[in-house]
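Each remark here refers to the structure printed beneath this line.
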Amino acid sequence: MNFIIQLRRSLVITKKDLFVFYLKGPVIISGILMPSFLFIAFAIGRDFSLSFLIPCLLGMGLFVTVSSIGPVVAPWETRMKTFERLVSAPIALWAIILGDIIASLLFGLFVTFFIFLVGIILLGVKIVSLSLIIGTIIAAFCFSSLGLLISAPHTDNPSSIMMLSNLVKFTFIFISGVFVPISSMGKWKVISYISPLTYYTDLARYSVEGTNYFSPVVDLLALLGFSILFFFAAIGGHKKSLTKRF
Amino acid sequence: MYSIKAEYLTKKFNGFTAVDRISFKVKSGELFGLLGPNGAGKTTTIRMLTGIFRPTSGTAFIGEYDIQKNPLEAKQIMGIVPEMANAYVDLSAMRNLLLMGELYGIRKKVRIGKAGNLLKLFGLYEKRNQKVKTFSKGMQQRLIVAMGLMNDPKLLFLDEPTAGLDVESVRLIRELIREFNSKGITIILTTHNIEEANQLCDKVAIMNHGKIVAIDRPEKLKNTFKSTASVEVAFDREVEAEELLFGNVVTEVKKVGDKIRLYSARAEEVIPMLVEYSHSSGRKIISLNTLAPNLEDVFVKLTKE
């Protein structure tokens, strides 16, 4: 069936996710409250400049928010027994996954937009650059794909996936130069290369502070590479677990 | 013209064969029943035919489309009411129907009109804007059947559509199944309810242990099993079952409430024997009926073998 038709049907899935999952408890807790508290705990009582804090907030905010809906959708649909109805409709599995990714991406971009606003209007930080805007969109897709990949195991228990998701998220946050710049990580910085968040935080630091570890082109290419990897891995994972969901 | 052509369909899960080389055809406009005990492989068969499970081997055509090669095209012409499926309980009935319409690519104006008509037909129009979580089980199931009809399917799969429902919903759904079938929609009905299959289906396939053990029109199947014809008799006093075997004429004697059912392929010979027994034993016959084999008898016989 026509690729464009399938893309359109992806957007139907996006719309459904936005209606059904946005106000679910786990999404609010892990998508908005948790990163806010984490950031406050990190920033309060320390003498950090705004230009250091804003990239932290951007990186963590986008990463945590975007990867909060994706992991919830599949187990929730399995538990509510709506998934079989969905896969029996004339929509390809990749299009369902893409629809879920776009829903998470929009949620993340919406929250990140407010972080941009707070940074620019209230705090007067100059953070707009074209590479950051492009990077934010690619990173949102990348982190959202990671969320979908995490939800591939065939459980019908959202909290099991949330636990796995939090484990991955915290690990990535601490190894990606969010709180400690990569240049200050010594020999441990090699580990940061395997995290896509590293490249987004680096891009944010470049756009706000003017300091960077990798060049913006490398950051963008790395984010793009991780996006493709996670997207296809998510499709493969869900394909494999599909028959076990019923 | 066939709506379904399945050839040697097989599905294995980790070495366990859930469906074992089944072949059958369903003519367009037919109401086809799939019967079988739990674990017989009915739902797995439906899931292969609807493109949810990929067969381990074998082929299935939905109309002109091979379900493995053109699953999306095949799904576009079918409506599906999966077993145990739910609507989105956080959405309204109307929004659930519109969501299905969008997934089938139906234009906005058409899908709004269609959703409204289906809600009226299934008696849900007054509650169209209420969240589905406030609906009773019967109302939810009516909505789920309606969701399967949003795309005007040529072929409709109904997997246990009346299981566990109240009488009113069961009657409504059965009436609508007949009505949609009379309009030319081919219907595949999976059910545990043998009487439901007997009343609704043009043809039934009985499955057991992943295989089709019989496939025919319900009346023909009943005739195949003449030995399950029976005579039901009630006496004014208790009777020892062995006394009514009449040599080899009666194959089985069963107590059914205060009556006794005698199974025999020669039911017409049993009646004079019973009258004779009544005279000789001094017992009065209170009631005497001959019963043709029913589909349940056929089902039990086939699935026991």
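Any read-out appearing in this document is the output of simple, stated calculations on the displayed coordinates, not a laboratory observation. Note that the coordinates shown come from a computational prediction; the quantities given were computed from them, not determined experimentally. FYI the Cβ positions are ideal-geometry reconstructions off the backbone, even for glycines, and counts take in every protein chain you see.
On C-alpha positions alone, give me the angle between the axis of helix B:137-147 and the longest principal axis of chain B, in degrees, nearest 10. Between helix and principal axis, roughly 60 degrees.
Using the rule -39500 (n - 2.57) for each DSSP H run of four or more residues, divided by the residues of chain B, the 222 nm mean residue ellipticity is -10500 deg cm²/dmol.
Filter the chymotrypsin sites (Phe, Trp or Tyr not before Pro) in region A:165-199 down to the DSSP loop ones having no more than 14 other Cβ atoms within 10 Å, then list what survives. In loop regions of region A:165-199 (DSSP not H, G, I, E or B), the sparsely surrounded chymotrypsin sites (Phe, Trp or Tyr not before Pro) are A:TYR193. Loop-resident GluC sites (Glu not before Pro) (DSSP state other than H, G, I, E or B) in region B:232-289 with no more than 11 further Cβ atoms inside 10 Å of their Cβ: B:GLU238, B:GLU240.
Pairs exceeding a 25 Å alpha-carbon distance, out of B:LYS25/B:LYS222; A:LYS244/B:LYS154; A:LYS239/B:LYS12; A:LYS15/B:LYS69: A:LYS244/B:LYS154; A:LYS15/B:LYS69. For chain B, the longest principal axis of the C-alpha atoms and the axis of helix B:167-182 are separated by about 70°. Expressed as an acute angle from 0 to 90° and rounded to the nearest 10, what is the orientation of the C-alpha long axis of helix A:93-117 relative to the principal long axis of chain A? Roughly 30 degrees, rounded to the nearest 10.
Taking every alpha-carbon pair under 8 Å whose residues sit at least 6 apart, chain B reaches a relative contact order of 20 percent.
Gyration tensor analysis over the Cα atoms of chain A returns equivalent ellipsoid semi-axes of 32, 18, 17 Å (largest first, whole Å). At the listed q of 0.14, 0.19, 0.22 Å⁻¹, the Debye profile of region B:100-147, built from one uniform point per Cα, gives log10 I(q)/I(0) equal to -0.33, -0.60, -0.78.
Projecting the Cα atoms of B:ALA40, B:ILE144, B:ILE187 onto the charge dipole of chain B (Cβ charges, centred on the Cα centre) puts B:ILE144 farthest toward the positive pole.
The mean sequence distance of close C-alpha pairs (under 8 Å, at least 6 residues apart), as a share of the length of region A:168-229, puts its relative contact order at 29 percent. Pairs from the list A:LYS16/B:LYS137; A:LYS24/B:LYS133; A:LYS81/B:LYS11; B:LYS5/B:LYS183 with a Cα-Cα gap above 19 Å: A:LYS16/B:LYS137; A:LYS81/B:LYS11; B:LYS5/B:LYS183. Summarising the strand pairing of the protein assembly as shown, around 65 percent of its internal DSSP beta bridges are antiparallel. Looking at region B:2-223, the DSSP beta bridges with both ends there are about 55 percent antiparallel.
Working note: Karplus 6.51/-1.76/1.60 with θ = phi - 60° gives region A:14-21 the couplings 4, 4, 4, 4, 5, 5, 8, 9 Hz, where Gly and Pro are set to x. The mean sequence separation of alpha-carbon pairs under 8 Å and at least six residues apart, normalised by the residue count of region A:126-246, gives a relative contact order of 43 percent.
Shown here for region B:83-184: trypsin sites (Lys or Arg not before Pro) in loop regions (DSSP other than H, G, I, E, B) with at most 13 other Cβ atoms within 10 Å, namely B:ARG107, B:LYS183.
Straight-line cross-link partners of B:LYS284 among the lysines, defined as a Cα under 20 Å from its Cα and at least 8 positions apart when in the same chain: B:LYS254, B:LYS255, B:LYS259.
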